[in-house]
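*Asks:* Please read through the structure below; I'll follow up with questions.
The values are calculated or read from the model by the stated rules, or taken from the named source; none is laboratory data. Model, not experiment: these values are computed from the prediction. Cβ: placed from backbone, ideal geometry, glycine included. Neighbour counts: every protein chain shown. Surface accessibility is based on the protein's heavy atoms, side chains included, excluding ligands, DNA and RNA. Shrake-Rupley method; radii C 1.70, N 1.55, O 1.52, S 1.80 Å.
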Amino acid sequence: MLLISCPWCGPRAEPEFRCGGQSHIRRPGPPEAVSDAEWSAYLFQRLNPKGPHRERWVHAFGCGRWFNVARDTVTHEILETYLMTEASQARADRS
Amino acid sequence: MGKRYSAWEIFQRGLAGQRGWGPAWRSPEPKARYDVVIVGGGGHGLATAYYLAKNYGVRNVAVLEKGWLGGGNTGRNTTVVRSNYYYKASADLYDYALKLYEGLSLDLNYNVMFSPRGMITLAHSRHDMEAAARWAGAMQLNGVDAEMLTREQVARLVPALDVSSQARYPVWGGLRQPRAGTARHDAVAWGYARAADRLGVDLIQNCEVEQFLRAADGRVVGVQTNRGRIEAAKTAMTVAGHSSVLAEKAGFRLPVTSYALQAFVSEPLKPVIDTVVLSLATGIYVSQSDKGGLVIGGGLDLYPSYAQRGNLPTAQGVLGALAEQFPRFGRVRLARQWAGIVDVTPDSSPLIGRTPVAGLYMNCGWGTGGFKAIPVGGTVLAHHLATDEPHTLARPFGLDRFQTGALIDEAAASGIAH
């Protein structure tokens, strides 16, 4: 069971949250300048690292707000939670 | 090369107290060079090696396994074999595997204990019944056996299930694939391993790939391992649960996210359920092994993980639903619980064939259902490695579909909530 610190509600139990996958994905553009390969990578390719991963979570059964989590995918240790508009302070992964 | 297994040999060995069987396969030192090196000694890797040697006469082959054979997802799945998919491309692929499973014990001279006990998908509402009818229709059009069941038929086939009017998940009926069933997962890995070994394939365990060897033009020409450098004309990766990690070493990314999928086995019980039952409402499924344990599975732990262990909230959801739907299982104790790491693609269909890097081929992304596909995964990858052309069955499952848009979305038929 993860204990996740929502930036607004504080530490809450895992079942209150939903994971929304890799964070900090930037939509390429303008559309007419984007190749099929770039668009495919944007839509489908993911870092999927074995180790620290920055991902979006939503406090679905709480305040309902989205935020970022830096979490290790092997140990499940939560390294950091931070706002959607912030940059991560945790040790860098490859994103 | 070991002897052929037979009833006569069991009898003879029995007279000698079952001594002197000898190892089922050799443990050779890796050679400096092979025609094909397969990274990953699970079911798919071993089957690829076997069909390369058997169907195409390519015998200078090594399978490299970082742990022990079949110790990854092949040893962690819940052993269900079925082909109840929605789209023709998937049905053709998985039904080919099911047909190979039907004759696999004879083909491999190894009892994989394939048991076509049928699989029932429960429908819990009028809408579930409509979805099931559409699903059964698609299966029949694809040439796969399927039949609709009434509530009474379900009750007769699965007496342990609560079909009463007070049931928390009322049963309206279901969908059945009679030819589906289970097979012993370890035996599938061991059977392919022994059969490949007898055809001259080198099975090299405790051999972890550290990086790919590259020619000047970028082509993969082998692997650097903890047991030395091994060159190969062609290299294949069959590493369920680690596809992204290996792809990263080769310098490309995959449309894959890895999750933990839990499974549970109970203490042994007397025979209580003689088919496989999946519930559309709760996403759980259960069968009974030949040893008597209930084999239970459910949905994914819904965040990326390489931990090979499940989290409690998902376990509670799965086991709570099981106890609700099968009240008599509520007091059964669990013997084991574990998780495997499954590589899920956006359309829940596998990635088979070429990678973006020359000389490197893949068979991955089977998500929650790779075990049932082992014979066909091996067949089609062996074909691609031997002929450098995709097998007809595998053609729709190339990586290029994520650029062309020809996705094969089997999220529902994968049977696992994700």
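*Asks:* Compute the length gained on full extension between B:Arg4 and B:Thr392: take 0.36 nm times their separation in residues and subtract their Cα-Cα distance, giving the result in nm to one decimal.
*Replies:* Working: separation 388, 0.36 × 388 = 139.68 nm, distance 3.31 nm.
Taking B:Arg4 through B:Thr392 to full extension adds about 136.4 nm, to one decimal.
*Asks:* Another one. So which aspartates and glutamates pass the test for B:Lys372, namely a Cα distance under 12 Å, with those fewer than 8 places away in the same chain ruled out?
*Replies:* B:Asp95, B:Glu102
*Asks:* Could you work out [θ]222 nm for chain B from helices alone, using -39500 (n - 2.57) per DSSP H run of at least four and dividing by all its residues? Round to the nearest 500 deg cm²/dmol.
*Replies:* On the way: 11 runs with 120 residues, N = 418.
Roughly -8500 deg cm²/dmol at 222 nm, from the helical runs in chain B.
*Asks:* Report the residue, chosen from B:Thr78, B:Thr392, B:Thr379, that carries the largest GNM mean-square fluctuation when chain B is represented by alpha-carbon nodes joined by springs under 10 Å.
*Replies:* B:Thr392
*Asks:* Assuming 0.36 nm per residue, please report the length gained on full extension of the stretch A:Glu77 to A:Ala13 beyond their Cα-Cα distance. If you can, show how the numbers build up before the last one.
*Replies:* Numbers: separation 64, 0.36 × 64 = 23.04 nm, distance 1.40 nm.
Extending this stretch completely gives an extra 21.6 nm.
*Asks:* Taking the alpha-carbon distance from B:Lys3 and a cut-off under 27 Å, which lysines remain once sequence neighbours fewer than 8 residues away in the same chain are dropped?
*Replies:* Here the lysines satisfying the reach criterion relative to B:Lys3 are B:Lys31, B:Lys54, B:Lys99.
*Asks:* Regarding the range B:43-171, what are the three Cα extents along the principal axes, ordered largest first, in Å?
*Replies:* Taking the Cα atoms of the range B:43-171, the three principal extents are 61, 31, 25 Å.
*Asks:* Whole-Hz ³J(HN,Hα) for each residue in the range B:164-180, computed from phi via Karplus 6.51 cos²θ - 1.76 cosθ + 1.60 with θ = phi - 60°, x for glycine and proline: what do you get?
*Replies:* 5, 6, 8, 4, 4, 10, x, 9, 9, x, x, 10, 10, 10, x, 7, 5
*Asks:* So, one more: Give me the Å³ per residue figure for the convex hull around the C-alpha atoms of the range B:307-357.
*Replies:* Details: hull volume 7.7 nm³, N = 51.
So the per-residue hull volume is 151 Å³.
*Asks:* What span do the alpha-carbon atoms of the protein assembly as shown cover on each of the three principal axes, reported in whole Å from largest to smallest?
*Replies:* Over the protein assembly as shown, Cα extents along the principal axes are 66, 62, 44 Å.
*Asks:* Just to be sure I understand: if I project the alpha-carbon convex hull of the range B:201-280 onto a plane and average over all orientations, what area do I get in nm²? Present the calculation step by step, with values, prior to reporting the outcome.
*Replies:* On the way: hull surface 39.4 nm².
Taking the Cα atoms of the range B:201-280, their convex hull projects to 9.9 nm² on average.
*Asks:* Could you work out how much longer the chain between B:Asp290 and B:Phe11 gets when fully extended? Use 0.36 nm per residue separation minus the Cα distance between them, nm to one decimal. Present the calculation step by step, with values, prior to reporting the outcome.
*Replies:* Values: separation 279, 0.36 × 279 = 100.44 nm, distance 2.27 nm.
Stretched out fully, the B:Asp290 to B:Phe11 stretch lengthens by 98.2 nm.
*Asks:* Still on this model: For chain B, set up a GNM with springs between Cα atoms under 10 Å and report which of B:Val332, B:Val61, B:Val188 has the largest fluctuation.
*Replies:* Result for chain B, Cα springs under 10 Å: B:Val332 fluctuates most.
*Asks:* Going by amide H atoms built from the backbone, whose H comes under 5 Å of the H on B:Gly67, apart from near neighbours?
*Replies:* Under 5 Å from the amide H of B:Gly67 lie the amide H atoms of B:Asn206, B:Cys207, each far enough along the sequence or on another chain.
*Asks:* Still on this structure, please answer the following. Interface B/A, total buried accessible area with a 1.4 Å probe, nearest 100 Å²? Could the numbers behind the result be given before it?
*Replies:* Values: alone 17810 and 6350 Å², together 22060 Å².
Answer for the B-A pair: about 2100 Å² buried.
*Asks:* Continuing with the same structure: In nanometres, what is the gap between the two model label sites at B:Glu152 and B:Thr404, each 7 Å from Cα along Cα-to-Cβ?
*Replies:* It is 4.9 nm.
*Asks:* Further question on the same structure: Using a Förster distance of 41 angstrom, determine the FRET efficiency expected from the C-beta separation of B:Glu208 and B:Ser165, and round it to 0.05.
*Replies:* So, using R0 = 41 Å, E works out to roughly 0.15.
*Asks:* A further question on this structure: If we restrict to alpha carbons, what Rg and Dmax does chain B come to, in Å?
*Replies:* Rg, Dmax (Cα atoms, Å): 21.5, 70.
*Asks:* What whole-number distance in Å separates the alpha-carbon centres of the range B:148-192 and the range B:280-297?
*Replies:* What the calculation gives is 9 Å, centre to centre.
*Asks:* Are there cysteines in the protein assembly as shown with no other Cys C-beta under 4.7 Å, and if so, which?
*Replies:* When partners are defined as cysteine Cβ atoms under 4.7 Å apart, the protein assembly as shown leaves A:Cys19, A:Cys63, B:Cys207, B:Cys364 without one.
*Asks:* Need one value: the accessible area of A:Cys9 in square angstrom, 1.4 angstrom probe, rounded to the nearest 10.
*Replies:* Only protein atoms counted, so the area is about 60 Å².
*Asks:* Right, another one. Please list log₁₀ I(q)/I(0) at q = 0.08, 0.19, 0.21 Å⁻¹ for the range B:279-418, using the Debye equation with identical point scatterers on the alpha-carbon positions.
*Replies:* -0.29, -1.13, -1.27
*Asks:* Hey, another quick one. For B:Phe212, what accessible area in Å² do you get when you roll a 1.4 Å probe over the heavy atoms of the protein chains, rounding to the nearest 10?
*Replies:* The accessible area of B:Phe212 comes to roughly 10 Å².
*Asks:* Taking springs between alpha-carbon atoms closer than 10 angstrom, which of B:Gly241, B:Gly173, B:Gly218 fluctuates most in the Gaussian network model of chain B?
*Replies:* Evaluated over chain B, the most mobile residue of the options is B:Gly218.
*Asks:* Would you grab the residues whose amide H sits under 5 Å from the one on B:Leu300? Only those 5+ places off in sequence or on another chain, please, with H modelled 1.01 Å from N.
*Replies:* Excluding prolines and chain starts, which carry no amide H, the hits are B:Ala417.
*Asks:* Quick check on the range A:1-59: take the gyration tensor over C-alpha atoms, sort the square-rooted eigenvalues as a ≥ b ≥ c, and tell me if it's rounded (a/c under 1.5), prolate or oblate. It would help to have the intermediate numbers written out before the result.
*Replies:* Numbers: a/c = 3.74, a/b = 2.40, b/c = 1.56.
The shape class here is prolate.
*Asks:* Under a plain spin-label model, where a point goes 7 Å from the Cα along Cα-to-Cβ, how far apart in nm are B:Arg333 and A:Leu43?
*Replies:* Modelled inter-label distance: 5.2 nm.
*Asks:* Also: Using a 1.4 Å probe on the protein heavy atoms, what percent of the accessible area of chain B belongs to carbon and sulfur?
*Replies:* Whole-percent figure for carbon plus sulfur exposure: 53.
*Asks:* So, one more: Just to make sure I understand: if all protein chains stay in place, what is the order of B:Tyr51, B:Tyr56, B:Tyr285 by accessible area at 1.4 Å, largest first? Don't skip to the answer; put the middle values down first.
*Replies:* Working: B:Tyr51 5, B:Tyr56 80, B:Tyr285 25 Å².
So the residues, ranked largest to smallest area, are B:Tyr56, B:Tyr285, B:Tyr51.
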